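The values are calculated or read from the model by the stated rules, or taken from the named source; none is laboratory data. Since we're looking at a predicted model, the values are computed, not measured. Counting neighbours? That spans all protein chains shown, and the Cβs are built from the backbone with ideal geometry, glycine included.
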Amino acid sequence: MPDHKKLLYVQTSHDPERQYSPLVLAQTAKAMDIEPKIYYLGTALRILKPGEAEKIKLGSFPSVKEMLDKCLEMGIEIFVCEASKRMLGWDKVELIPGVKIVGAATLNDLVLESDGVLWF
């Protein structure tokens, strides 16, 4: 539908304190009938290795793993930059199930298709 709003959240950091905002905002956008997508690049990919997101739980929030799982359950697409994976030397590293590994051009396409882009 043409007036369906789209938001893109780009996560560039693996700092624990910076993990929640894009996940909370994406879930909130979905509840507002906005189409959210999350794109991980650079060192942010470290969070997506199995076992890593479980280690991050701040305040009264669920763990980052629980937040990622909830996003995927809600149908929020999570994209991972293939070039960033190679930059980290991760030719054979597995990532959590459900994320989509895509080329760098996908980020440009997603930005052009979105009504707003937030970087974290």
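Data overview
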item	result
Any hit, region 83-95, residues being in contact with a Phe, Trp or Tyr (Cβ under 6 Å, 6 or more places away or on another chain), over 13 Å from residue 9 (Cα atoms) and either surrounded by 18 or more Cβ atoms within 10 Å (Cβ to Cβ) or at pLDDT 95 or above (or both)	no
Which numbered condition residue 45 misses (of (1) part of a helix (DSSP H, G or I); (2) without any contact (Cβ under 8 Å) to a residue 40 or more places away in the chain; (3) touching a Leu at 6+ places or on another chain (Cβ under 9 Å))	(2)
Every pair of residues 6+ apart whose Cβ atoms lie under 6 Å, when the first sits in region 86-103 and is of a type in the set (A, V, I, L, M) while the second is part of a loop (DSSP other than H, G, I, E, B) and surrounded by 12 or more Cβ atoms within 10 Å (Cβ to Cβ)	96/50
Top-ranked residue of region 92-107 - restricted to ones that are over 14 Å from the mean Cα position of the chain (by Cα) and assigned to a loop (DSSP other than H, G, I, E, B), ranked as farthest from residue 46 (Cα to Cα)	103
Selection count, region 29-52, where residues are touching a helix residue (DSSP H, G or I) at 6+ places or on another chain (Cβ under 7 Å) and of a type outside the set (D, E, K, R)	8
